[in-house]
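Undergrad: So that we are looking at the same thing, I have put the structure below in structure tokens.
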Amino acid sequence: MPCEAAVLPEKILSECPRMGLDDTFPFHCGPGLDCFGRCCHDVSIVLTPYDVLRMKRAAGLPSTEFLEAYTLCLVAGQKFPVVILKMNESDKACPFLGEQGCGVYADRPWACRMYPLGAAEPKNPTPTDQPFHFVIREPLCHGHGAEKMVTVREWIGSQGAEAHEMMSGGFKELTLHEFWDKGKPLTEQQAAMFYMACYDLDRFRRFLFETRFLQLFEVDEARVEALRQDDLELLEFGMQWLRFSLFGERSMKLRKDAK
Ligand code: SF4
Ligand code: SF4
């Protein structure tokens, strides 16, 4: 049974029927449907750091320009900065939506790939309370009730969402950390660090190489070279640094002579 879109996020765990990878749902999506592209209007699509990395490359823009042009950053009322896609002011459409559909289809975000599936994770999973998927039903979407049944696993595979899930593992760990349960808000400076290391990777790279950062921490030469060119390595390094500086974990080592 699908979960009505009106269910509040905090009630998903208690109210949405839980689906496992081999459970099926009747769904079909494609250009032939009269609702094609409707789901790309007036919607809050939260971007993961990996989504931003893929999309800024697809748009051919440095991260700072991409974020300024296509995203909004929500800070008020959030534990940490949350980045969402900015819809057009005129028609409320996603700026990447064209006549043929998504203009960044190969690099579209995880949430777009998964729709109409959602994913939820209990804070402290137990053998009987595990991560699960659920189907979101919205009146605008006419793909429900199709003759063809699809399993959750098939849908995720057909949308190429596994790579996004895998690459977002570090971010999930970061954002589910018990640190956030203490309710202590980030300082402005910490929030800016979080935003830069997670989303604004080109600026984070300049921060590493144009300040004394690499003189303060022990980072081997091969990794330093990788950080110059490889966005994924940089993203992983950023998470490591945030765990060190926000949570006080020993995920980085200060040089002996660092002050
Ligand atoms: S990124 Fe693509 S799939 Fe996602 S809302 Fe925009 S146009 Fe639609
Ligand atoms: S509204 Fe539903 S069926 Fe229509 S294009 Fe979007 S996801 Fe596909």
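Undergrad: About the Cα centre of the range 1-155, how large is the charge dipole given +1 on each Lys and Arg Cβ and -1 on each Asp and Glu Cβ? Please answer in debye to the nearest 20.
TA: Computed about the Cα centre, the dipole is about 320 debye.
Undergrad: Oh, and also: Search the structure for amide H atoms under 5 Å from the amide H of R137, placed 1.01 Å from N in the peptide plane, and list their residues when 5 or more places away or on another chain.
TA: For R137, whose amide H was placed from the backbone, the distant partners under 5 Å are C3, E4, A5.
Undergrad: Taking +1 at the Cβ of each Lys and Arg and -1 at the Cβ of each Asp and Glu, which of P116, S90, G101 sits farthest along the dipole of the range 88-141 towards its positive end, judged by Cα position relative to the Cα centre?
TA: Final value for the positive-end residue is P116.
Undergrad: Counting DSSP beta bridges with both partners in the chain, what percentage is antiparallel, nearest 5?
TA: 90
Undergrad: If you take the square roots of the eigenvalues of the alpha-carbon gyration tensor of the range 68-194 and sort them as a ≥ b ≥ c, do you get rounded (a/c under 1.5), prolate (a/b over b/c) or oblate? Each step should come with its number before you reach the end.
TA: On the way: a/c = 2.11, a/b = 1.20, b/c = 1.76.
In terms of gyration-tensor shape, oblate.
Undergrad: Going by accessible area, probe 1.4 Å, with all protein chains left in place, what is the ranking of C29, C102, largest first?
TA: The ranking, largest first, comes out as C29, C102.
Undergrad: Could you work out the relative contact order of the chain, using alpha carbon pairs under 8 angstrom and six or more residues apart, expressed as a whole percent?
TA: Details: 318 pairs, mean separation 63.2, N = 259.
Reported as a whole number, the value is 24 percent.
Undergrad: Tabulate in residue order the Karplus-calculated ³J(HN,Hα) for the range 90-99, using 6.51 cos²θ - 1.76 cosθ + 1.60 with θ = phi - 60°, rounded to whole Hz; enter x for Gly and Pro.
TA: Going residue by residue, I get 5, 10, 6, 7, 5, x, 8, 7, x, 4 Hz, with x marking Gly and Pro.
Undergrad: A further question on this structure: How fast does the chain diffuse by Stokes-Einstein, in µm²/s, taking the Kirkwood radius from C-alpha pairs at 10 °C and 1.306 mPa s?
TA: 79
Undergrad: Is it possible to state the helix-based mean residue ellipticity at 222 nm for the chain, with each DSSP H run of 4+ residues giving -39500 (n - 2.57), the sum divided by total residues, to the nearest 500 deg cm²/dmol? What is it?
TA: Numbers: 12 runs with 99 residues, N = 259.
That comes out to -10500 deg cm²/dmol.
Undergrad: What is the distance in Å between the Cα centres of the range 75-130 and the range 158-194?
TA: Cα centroid of the range 75-130 versus Cα centroid of the range 158-194: 14 Å apart.
Undergrad: Let me ask another. Lysine pairs, Cα distance under 28 Å, 8 or more residues apart or cross-chain: how many in the chain?
TA: Taking the Cα cut-off of 28 Å, the pair count is 27.
Undergrad: What are the residues whose amide H is under 5 Å from the amide H of A93, where those residues sit 5 or more places off or on another chain and H is modelled from the backbone?
TA: Answer set, sorted by chain and number: D42, N88.
Undergrad: Please state the charge dipole magnitude for the chain, taken about the Cα centre, from unit charges on C-beta atoms (+1 on K and R, -1 on D and E), reported in debye and rounded to the nearest 20.
TA: Magnitude of the dipole: close to 700 debye.
Undergrad: Now, a different point. Using only the Cα atoms of the range 125-230, what are the Rg and Dmax in Å?
TA: According to the Cα coordinates of the range 125-230, Rg and Dmax are 20.4, 61 Å.
Undergrad: Which listed residue (L201, L21, L53) has the Cα farthest towards the positive end of the charge dipole for the chain, taking +1 on Lys and Arg C-beta and -1 on Asp and Glu C-beta about the Cα centre?
TA: L201
Undergrad: Out of residues 5 or more away from T71 or on other chains, whose amide H comes under 5 Å of its own, with H placed 1.01 Å from N in the peptide plane?
TA: Distant-sequence amide H within range of T71: K86.
The values are calculated or read from the model by the stated rules, or taken from the named source; none is laboratory data. Nothing here was measured: the structure is a model prediction, and the numbers come from that model. Here the Cβ is made from the backbone with ideal geometry for all residues, glycine too, and neighbour counts use every protein chain on show. Remember, those area values only see protein heavy atoms, side chains included, never the ligands or the DNA or RNA. Shrake-Rupley method; radii C 1.70, N 1.55, O 1.52, S 1.80 Å.
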